[in-house]
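To start, the structure under review is shown below, and the notes come after it.
Derivation of every value follows stated rules applied to the coordinates shown; laboratory data play no part. A quick note: this is a predicted structure, and the numbers were derived from the prediction, not measured. Positions of Cβ are generated from backbone atoms using ideal geometry, with glycine treated the same way; all protein chains shown enter the neighbour counts.
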Amino acid sequence: MPCQPHKETQVYNWLNFTQFCLLCDEPSDTSLAICVACEAELPWLGDHCLCCALPLTGSGYGAGEWCAQCDQRPPAFSQVITAWTYEFVVDRLITRFKHRQQWPLGKLLAELQGQYLQHRFDEGLPRPDALLPVPLARQRLRQRGFNQSAMLANWLGEQLQLPVQARQLLRTRDTPSQQGLSAKARKQNLQGAFSLTDSHWVQGKHLALVDDVLTTGTTAQNLAQLLTGAGARRVDVYCLARTPAPED
């Protein structure tokens, strides 16, 4: 079974010493394993809902607005912070990281996301007290061998100097994969699936959930409700990419 990689492994050293773009294989002209041209072509998020980060381009919205769903039913989390929409080539990179164990691609995306988050912090986005990776079901963790959300949280935590609480959230019930389910089915699928290790620790804290992709926001909503119900002051969501609306 694949093991969760550690900082000492070749995965990390390879990224540190090889300055070639992981997308085009040309020499990188940046400090990261991606060239300026390929970085510019990533599907950067444009106009979006200030709450759930849903892309709003071409939907009749202006900049600095909430989508209709968040406006009518504000979620338990305060804000989703993401750099990209879930489109080519970011969707392929996440898939290869998540399902093919190509960890350097996940590391690269986490570094770019970390730079984006630091920029947002410099602009006034409140820094959280800790990062909490979305827990993976036990059976899926055994099958995959690693939790991609925990890996992303560790990379972001190291880059942004934020503590990571990888065991504060627990997946207490194995559920079928959310992929392919409708929004209603996703909500039913996750009922009672999560719990907290220490509810007292949560009280009064600003926490950030870390995941790879936000689709309907059902998982983030369930976890944010759990945390705010235990007394968390604020819950944000940091993810690599946000899917467009289904009609898009």
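When you work out D = kT/(6 pi eta Rh) for region 69-129 at 20 °C and 1.002 mPa s, using the Kirkwood radius from C-alpha pairs as Rh and the Stokes-Einstein form, the result is 158 µm²/s. Across region 43-242, the mean sequence separation of Cα contacts (distance under 8 Å, 6 or more residues apart), normalised by length, yields a relative contact order of 25 percent.
Each pair of Cα atoms in region 43-242 enters the Kirkwood radius, and Stokes-Einstein at 37 °C and 0.692 mPa s then converts it into a translational diffusion coefficient of 192 µm²/s. Its Cα centre serving as origin, region 76-143 has a Cβ charge dipole (Lys and Arg +1, Asp and Glu -1) of approximately 580 debye.
Dipole magnitude for region 43-242: about 900 debye, using +1 per Lys or Arg Cβ and -1 per Asp or Glu Cβ, origin at the Cα centre. Length gained on full extension, Gln102 to Arg167: 21.0 nm, using 0.36 nm per residue less the C-alpha separation.
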